[in-house]
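The values are calculated or read from the model by the stated rules, or taken from the named source; none is laboratory data. All of these numbers come straight from a predicted model, not from anything done at the bench. Because the Cβ atoms are built from the backbone with ideal geometry, glycine has one as well, and the counts that use them run over all protein chains shown.
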Amino acid sequence: MRRIKVAPRPDWQGEMARIGFDYHSIDGNYWQEDACYVFDERQIDVIETATEALHQMFLQAVAHVVKTGDYARLGLSDTAARLIEQSFKNREPSLYGRFDLCFDGTTEPKLYEYNADTPTSLFEASVAKWYWLQAQGGELGGADQFNSIHERLLVEFGAVKPAIGQDKLYFTAVSASVEDYTTTRYLQDVAIQAGLVTDYIDIGAIGHRATDGRFTDLKDHTISHLFKLYPWEWLLSEAFGSHIEHSGTQFIEPAYKLLMSNKALLAVLWELFPNHPNLLPASLNPSAIASDVVKKPFFSREGANISLHQGDMHIATDGIYGQEGYVYQALRPLPKFTNHQGQAVYTVIGSWVIGHSPAGIGVREDSTLITKDTSLFVPHVFM
């Protein structure tokens, strides 16, 4: 695993805009056109194997919580518990998720967290870096990429088609967020390619029909199937959420993904699978991990409200999370590389699960050991 310099494509910004990647330079700097990470085939196999093992462990952890009813210590309400149980027992379809892994190319990948409900950086991991790869020559000519995300999405949408039939599958997000909107529209386009009837509605425009409790679109048509790029915990905390349980709407992602994406489940995983090579020690007890520890709110997103302690070093981010509770995870620092400006960057692997299968990776890097919403996306190859 190494970071190399790459010659940017002429008019690469125009190429990105042409394929619909409109946030390639969000905040002035996001997609890194002048670099890539190079893996060998063995390293990709290691990531793929770890991803498969972790996903199966998460499914077992959800089954354990459903069986024991151990929701309260995970910060989950009775309503959330009922929705989780119903969706898991009914095996409602799951489309995707992204594991964030610490991997240096040599040692076993270690899990940081599972973005199982509303994972982003999907479009760049699936489409943008595939188009980037097609333009590469020289050292990268003939290189491959761990990226079957688009093809796997087509398969998964095709698998849900019989259950949806001729009903519409609605897609929703906060349309004002360019990243969320682009990701959701991309997924809608894949669903159309798979033969589904679809529509898009801004999440703020979804209505509730009091006469029968159903959710509706702007024409008062019933929304029976809904893909949402909007966190379950936010839904359940809003007025909208009080109607979900009796709405008759099937959601993608299903409610059990709320449990999978809850960082408190890291402690349950460690209880169920102690010393597993892809897990880090984790606990809900702040004294269980004495030093070199990361403190994470259960529902933190994009590196918010994370506190990292290693010896005399203390790094923390601010944000809106923490009232729900914290999990304490042993620290495994991200591998450090050097960019072309001579600056240190810390690299995290986002390993994608589509359906229940590993399907590709995305690489992000940050200037600190905490990967934040300002992190940068770097393409990859393997040779």
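Residue count for the range 239-281 under the criterion of being in a loop (DSSP other than H, G, I, E, B), more than 21 Å from R73 (Cβ to Cβ) and within 16 Å of the chain's Cα centre (by Cα): the result is 2.
Note on the range 278-318: residues that are surrounded by 18 or more Cβ atoms within 10 Å (Cβ to Cβ), of a type in the set (A, V, I, L, M, F, W, C) and touching a Leu at 6+ places or on another chain (Cβ under 8 Å) amount to 7.
Among the residues of the range 47-71, those identified as more than 18 Å from L272 (Cβ to Cβ) and surrounded by fewer than 20 Cβ atoms within 10 Å (Cβ to Cβ) are E48, T49.
Of these, G325, G311, G342, G303, which one is touching a Ser or Thr at 6+ places or on another chain (Cβ under 7 Å) and farther than 19 Å from E108 by Cβ? The conditions single out G303. Please indicate, with yes or no, whether at least one residue in the range 358-370 is more than 14 Å from the chain's Cα centre (by Cα), surrounded by 18 or more Cβ atoms within 10 Å (Cβ to Cβ) and part of a strand (DSSP E or B). The answer is yes, given that some residue of the range 358-370 is more than 14 Å from the chain's Cα centre (by Cα), surrounded by 18 or more Cβ atoms within 10 Å (Cβ to Cβ) and part of a strand (DSSP E or B).
When the range 252-277 is examined, which residues are found to be touching a residue at least 60 places away in the same chain (Cβ under 8 Å), among the aromatic types (F, W, Y) and either buried (at least 22 other Cβ atoms within 10 Å of the Cβ) or under 21 Å from P297 (Cα atoms) (or both)? Spell out how you get there, then give the answer.
Our first condition is that a residue be touching a residue at least 60 places away in the same chain (Cβ under 8 Å); within the range 252-277, this holds for 252-269, 272-273, 276-277.
Retained after the next criterion (residues that are among the aromatic types (F, W, Y)): 256, 273.
Y256, the sole residue that qualifies.
Within the range 223-238, the set of residues being assigned to a loop (DSSP other than H, G, I, E, B), at pLDDT 95 or above and of a type outside the set (V, I, T) comprises S224, L229, Y230, P231. Give N29, N90 a once-over and let me know the one that is more than 20 Å from the chain's Cα centre (by Cα) and at pLDDT below 95. It is N29.
Selection over the range 127-175 of residues that are under 18 Å from I354 (Cα atoms) and β-branched (V, I, T) gives a count of 4. Restricting attention to the range 333-348, the residues that are surrounded by fewer than 17 Cβ atoms within 10 Å (Cβ to Cβ) and not hydrophobic (A, V, I, L, M, F, W, C) add up to 7. Taking the listed residues Y328, Y321, the one that is of a type in the set (F, W, Y), more than 15 Å from L369 (Cβ to Cβ), crowded, with 17+ Cβ neighbours inside 10 Å and modelled with pLDDT of 95 or more is Y328, with no other qualifying.
Here's the yes/no breakdown for (1) in contact (Cβ under 8 Å) with a residue 12 or more places away in the chain; (2) buried (at least 18 other Cβ atoms within 10 Å of the Cβ); (3) not β-branched (V, I, T):
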residue	(1), (2), (3)
S94	yes, yes, yes
F99	yes, yes, yes
E108	yes, no, yes
A116	yes, yes, yes
T120	yes, yes, no
F123	yes, yes, yes
W132	yes, yes, yes
A135	yes, no, yes
N147	yes, yes, yes
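Considering only residues in the range 172-213 that are among the hydrophobic types (A, V, I, L, M, F, W, C), touching a strand residue (DSSP E or B) at 6+ places or on another chain (Cβ under 9 Å) and assigned to a helix (DSSP H, G or I), the one that is nearest to V160 (Cα to Cα) turns out to be A191.
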